[in-house]
Amino acid sequence: MTRYLSLLALAILTATAALAQPVYNGLDDPYYNDDAYDESPGVRIGLGLGAYVYDGPDLLVGSSAFQSDVISTNLGVTAEVTFPLAGQLYGRLQGGLLNIGAEDSRADVTNPAGTPDARYNPFLTSQTFLAEADLLYYLTRPHTGALSPYVFSGLSGLFATGDAAPGVETTSLAIPVGLGVEYGVSRNLSLFAEGSYRFGITEVGGPLAQAFASASMSDDVCDKKSSAYDEEACRNKGGTPIPTCDEDPTQDRCPVTRPDGDSNFDTRFNSGLILGGLRLGFGGGPAPVAYIPPPVVPETPYTPPPPPVVETPMVCDLVELNSIYFDYGTGTLDRRARTLLDENVELLLSNSACCVFIDGYTDTPEGNSFGMGLAGRRAQAVYDYYLSQGVGASRLQIRNRGVAAPDCDKEDPGPGCERNRRVESLPVDCERFRFLLENPSYDPY
């Protein structure tokens, strides 16, 4: 009953944690991307401490008349290494020392005939080593400051260190099934609690159990349980046929039903493990990086020119300016980009009625890896270059456009889409430019 209550409590805790939303780490970046900012580490080393529970028969050899089910709880410590496999799926190698403090001589597991030194169940009376390989699946991605529930299963090997009667195995294989929850204290430190139940799949007392069962059979021709039973030969010897246990269960040689209601001899056991501990991480995905917006340059107060006497008001007659392109993941102007921008500067200096919107873009792979901030940094680089070449700040405005919409040209070299890794300079009449700045909701571009 204790193990079922423990597993129920852990299941409720896991369900509660699954509803918890990951806590954002404080970066004030409107372009935050969960795929780009991976806070979970790569390889992790963990230590756990908790309770090991043995759940199974007290005797691994004998008859069902003397066997009972017991539950024994002692201390267990584990060490583990987890590593990412794919997405939220991790692998784990775990080892430990279990059943610490177990009694090496117990009245309920000694020879029923009273021999005190005959220990027939080393898994119950001695320390046990654990070697286990698991697959862990996190129900939510691990984040700093958030609860991340997970489930796991795999294959366990339990190796008893105590003495055993001849024929009793000291190695048992089991299938673990478990639930856990992890709390991220920081990027490389987390706390965890988990509970698991291991279903035994090997018979550790089988050979001796069969030997005891066969020993109860007589070769007497009068014994109906014996393969040598011959009713005619028995009567010729002057004997009386001995009934089977089905015919007369009150005979001394017939098995007695165990206290747990089972008359079959158990040759395997189950176990449970409830742990709490910590995990230290190493490596992993890129650390969160805040998007730094371009500096806000105060505009020079606009002073309307004196009304012209005869001259026609100046208007911007530029249709387009050169766009420039960037290498994957960079916001640095190369020599080709500067040459194209010099041509734009020459046109802007000779057309003072033209103002410019500077629009920065990224392609989709860059957006996933570096965030939308890369588009803003590219536009900022072009803005700074125009200022350095004499174009007034009041004629310029940066716009971070993020991921570009046009489809990628299949002939583009390298990763991503070169035509989408660009900055456009859109010329517009300065009066219309100021109108658009004063009315940001009206944006035809």
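The values are calculated or read from the model by the stated rules, or taken from the named source; none is laboratory data. What you see is a predicted model; the values in this text were computed from it and never measured. Neighbour counts run over all protein chains shown; Cβ positions are idealised from the backbone, glycine included.
Structure values in brief
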quantity: Helices (runs of 4 or more DSSP H) (entirely within the range 287-391) containing at least 2 residues that are surrounded by 20 or more Cβ atoms within 10 Å (Cβ to Cβ) and among the small types (Gly, Ala, Ser); calculated: 373-388
quantity: Residues that are crowded, with 20+ Cβ neighbours inside 10 Å and either aliphatic (A, V, I, L, M) or within 20 Å of ASP69 (Cα to Cα) (or both), drawn from the range 118-145; calculated: ARG119, TYR120, ASN121, PRO122, PHE123, LEU124, THR125, GLN127, THR128, LEU130, LEU136
quantity: Residues of the range 161-190 satisfying the condition of being over 16 Å from GLY277 (Cβ atoms) and either touching a Lys or Arg at 6+ places or on another chain (Cβ under 6 Å) or at pLDDT 90 or above (or both); calculated: ASP163, THR171, SER172, LEU173, ALA174, ILE175, PRO176, VAL177
quantity: Residue identified as at pLDDT 85 or above, surrounded by 14 or more Cβ atoms within 10 Å (Cβ to Cβ) and of a type in the set (Ser, Thr, Tyr) among TYR32, TYR37, TYR90; calculated: TYR90
quantity: PHE152 being hydrophobic (A, V, I, L, M, F, W, C), assigned to a strand (DSSP E or B) and either more than 19 Å from LEU278 (Cα to Cα) or without any contact (Cβ under 8 Å) to a residue 60 or more places away in the chain (or both); calculated: no
quantity: Test result for VAL70, at pLDDT below 90 and part of a strand (DSSP E or B); calculated: yes
quantity: All positions within the range 108-145 that are among the hydrophobic types (A, V, I, L, M, F, W, C) and at pLDDT below 80; calculated: VAL109, ALA113, ALA118
quantity: Filter result for ALA353 (among the aliphatic types (A, V, I, L, M), in contact (Cβ under 8 Å) with a residue 24 or more places away in the chain and closer than 19 Å to VAL296 by Cα); calculated: no
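Conditions (1) free of Cβ contacts under 8 Å to residues at least 12 places away in the same chain; (2) of a type in the set (A, V, I, L, M, F, W, C); (3) touching a Gly at 6+ places or on another chain (Cβ under 7 Å), marked per residue:
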residue	(1), (2), (3)
ASN344	no, no, no
LEU348	no, yes, no
THR362	no, no, yes
GLY390	no, no, no
